[in-house]
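Below: the structure, in structure tokens.
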Amino acid sequence: MTTRTEEAGPSGLASALVEAGALTSDWLPTFKAVPRELFVPDRIWPGIADGTRQTALVDRAKDPEAWFKAVYSDIPLTTQWDDGQHIGDGLGTTPTSSSSMPRMVFSMLADLDVREGQRALEIGTGTGWNAGLLSHRLGGANVVSVEYDEEVAKGARENLGRAGLSAVVIVGDGRAGCVGSAPYDRIIATCSVGSVPRTWVEQCRPGGVIVAPWGTEYGGEYVVRLVVADDGAAHGPFTRSSAFMRLRQQRTERPPFSAYLKGKEWPADGTRSMTALSPADIGGWLEQFVIGLQVAGAFWRAERYDGGSYTLWTYSTDTLSWASADYVPGASEYVVVQSGPRKLWDETEAAYRWWEEHDRPGFDRFGLTVDGDGERVWLDSPDRLVPLRSA
Ligand SMILES: C[S@@+](CC[C@H](N)C(=O)[O-])C[C@H]1O[C@@H](n2cnc3c(N)ncnc32)[C@H](O)[C@@H]1O
């Protein structure tokens, strides 16, 4: 079945975005005036709409129709792998630059809520499309975009020039913002963070808005929309689910799995118990987010076996603790083994039960505060902090 987007190019994509509630009427003229195709390189690895997977290379020179169709589909397009180290036509290991999914681009711009005359800072220029959209609304001199990768920044400047737009693109570590052009009325990150750099809050005016994808080490990611208060603290709710590439300096190296059992056979020195909480109940995006808020410095992996059973491993990033929970289809109790100073399954279960006791709140009831003391996640209001399970 061909969708309208595939048939109609830019206008089909615009209609799909309007229908999805992402492209608001104030952004429609900008969508038309700043065509995505001017910002997409010839070689791309298209993503899929509801996932983080990439598909095979599409090369404009070899298949211009497929390229055009990808550009005007509501999908992210990977434009760089492995910080530019990957060459060749295959998929690399980690996607490190892209043209973000149009629905996400316009939903986040709607969250940003820009007004004429405002000054905006973007972190993560990428192809320059988002910076171009902002410059069309605010004027090039009012938009500063920071990109860490020099080659990527060069490409973005060329793309902006071709589109007749002129955002100020600077090469640097976006965690530092761009103090020379501060203060800003609006700050938007188009790479995800595990914590919001304090500099962004400092460089944003009181009443200003910061929009950034925010995710935990454990998993689950949502866009947060912070408003800076007169006292310099920033507070705000999570607005939508997202799956962005991580800000380069906040990517975490996950220790190899061999670092945990230290050459011993499972269950090694672990303590065995039983749980009634099914590992299958905690794998959703929201559940991962809720667990990650409370179980800091931990990540998981599933080891799958024939017949649908699997082991859910939870590891602490300091390599000192691990837990395994064995899922068996149809069972009502599951074997758990825990090792190390942190009882990672107990923490996970306590986090999940806390969520259940609070009637399983959705992401939009959670919010974040960033101030001089760091950052904290809350439920419903800044004084109702989500508890931390780990030491
Ligand atoms: C998803 S892409 C951005 C998409 C882009 N806004 C667009 O419209 O095409 C994320 C970008 O963030 C950049 N990035 C990662 N860490 C960064 C950092 N510390 N400072 C600035 N840019 C960074 C990456 O190099 C990558 O180009």
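The values are calculated or read from the model by the stated rules, or taken from the named source; none is laboratory data. Because the structure is predicted, anything quoted here is derived from the model rather than measured. Neighbour counts run over all protein chains shown; Cβ positions are idealised from the backbone, glycine included.
The table that follows gives values for the structure above.
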| item | result |
| --- | --- |
| Condition check for Val223: within 24 Å of Leu138 (Cβ to Cβ), among the aliphatic types (A, V, I, L, M) and in a helix (DSSP H, G or I) | no |
| Members of the stretch 356-367 found to be assigned to a helix (DSSP H, G or I), under 22 Å from the mean Cα position of the chain (by Cα) and within 14 Å of Ile291 (Cβ to Cβ), listed by number | Phe363 |
| Condition broken by Thr78, with the remaining ones in (1) of a type outside the set (Phe, Trp, Tyr); (2) crowded, with 16+ Cβ neighbours inside 10 Å; (3) touching a Leu at 6+ places or on another chain (Cβ under 8 Å) satisfied | (3) |
| Enumeration of residues in the stretch 103-131 that are farther than 14 Å from Asp26 by Cβ and part of a loop (DSSP other than H, G, I, E, B) | Gly117, Arg119, Gly124, Thr125, Gly126, Thr127, Gly128 |
| Some residue of the stretch 121-142 being within 19 Å of Ser192 (Cα to Cα), under 22 Å from the mean Cα position of the chain (by Cα) and surrounded by fewer than 21 Cβ atoms within 10 Å (Cβ to Cβ) | no |
| Which numbered condition Ala212 fails, given (1) among the small types (Gly, Ala, Ser); (2) surrounded by 23 or more Cβ atoms within 10 Å (Cβ to Cβ); (3) assigned to a loop (DSSP other than H, G, I, E, B) | (3) |
| Residue match in the stretch 50-58 (condition: free of Cβ contacts under 8 Å to residues at least 24 places away in the same chain and more than 23 Å from the chain's Cα centre (by Cα)) | yes |
| Index of the failed condition, Arg240 passing every other in (1) of a type in the set (D, E, K, R); (2) part of a strand (DSSP E or B); (3) in contact with a Gly (Cβ under 8 Å, 6 or more places away or on another chain) | (3) |
| The stretch 334-369, residues that are out of contact with any Leu (no Cβ under 6 Å at 6 or more places or on another chain), small (Gly, Ala, Ser) and surrounded by fewer than 20 Cβ atoms within 10 Å (Cβ to Cβ) | Ala350, Gly362 |
| Selected residue [away from the ligand (no atom under 13 Å from the Cβ) and within 27 Å of Val201 (Cβ to Cβ)] from Ala120, Ala110 | Ala110 |
| Among (1) within 16 Å of the ligand (Cβ to nearest atom); (2) of a type outside the set (Asp, Glu); (3) closer than 16 Å to Tyr315 by Cα; (4) surrounded by 12 or more Cβ atoms within 10 Å (Cβ to Cβ), the one test that Arg251 misses | (3) |
| Failed item, numbered, when Thr78 is tested on (1) touching a helix residue (DSSP H, G or I) at 6+ places or on another chain (Cβ under 8 Å); (2) of a type in the set (S, T, N, Q); (3) not in a loop (DSSP other than H, G, I, E, B) | (1) |
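For every residue, the table says whether it meets (1) at pLDDT below 95; (2) more than 25 Å from the chain's Cα centre (by Cα); (3) closer than 30 Å to Arg225 by Cα; (4) outside the structural domain of Ala212 (by TED's automatic domain parsing).
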site: Glu37; (1), (2), (3), (4): no, no, yes, no
site: Ala66; (1), (2), (3), (4): no, yes, no, no
site: Gln85; (1), (2), (3), (4): no, no, no, no
site: Ser100; (1), (2), (3), (4): no, no, yes, no
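Conditions (1) free of Cβ contacts under 8 Å to residues at least 40 places away in the same chain; (2) of a type outside the set (S, T, N, Q); (3) touching a helix residue (DSSP H, G or I) at 6+ places or on another chain (Cβ under 7 Å); (4) over 26 Å from Ser390 (Cα atoms), marked per residue:
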position: Trp214; (1), (2), (3), (4): no, yes, no, no
position: Thr239; (1), (2), (3), (4): no, no, yes, yes
position: Arg251; (1), (2), (3), (4): yes, yes, no, no
position: Ala268; (1), (2), (3), (4): no, yes, yes, no
position: Gly297; (1), (2), (3), (4): no, yes, no, no
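Yes/no matrix, rows are residues, columns are (1) in contact with a strand residue (DSSP E or B) (Cβ under 7 Å, 6 or more places away or on another chain); (2) assigned to a helix (DSSP H, G or I); (3) modelled with pLDDT of 95 or more:
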site	(1), (2), (3)
Ala22	no, no, yes
Pro29	no, yes, yes
Trp45	yes, no, yes
Ala70	yes, yes, yes
Asp74	no, no, yes
Leu91	yes, no, yes
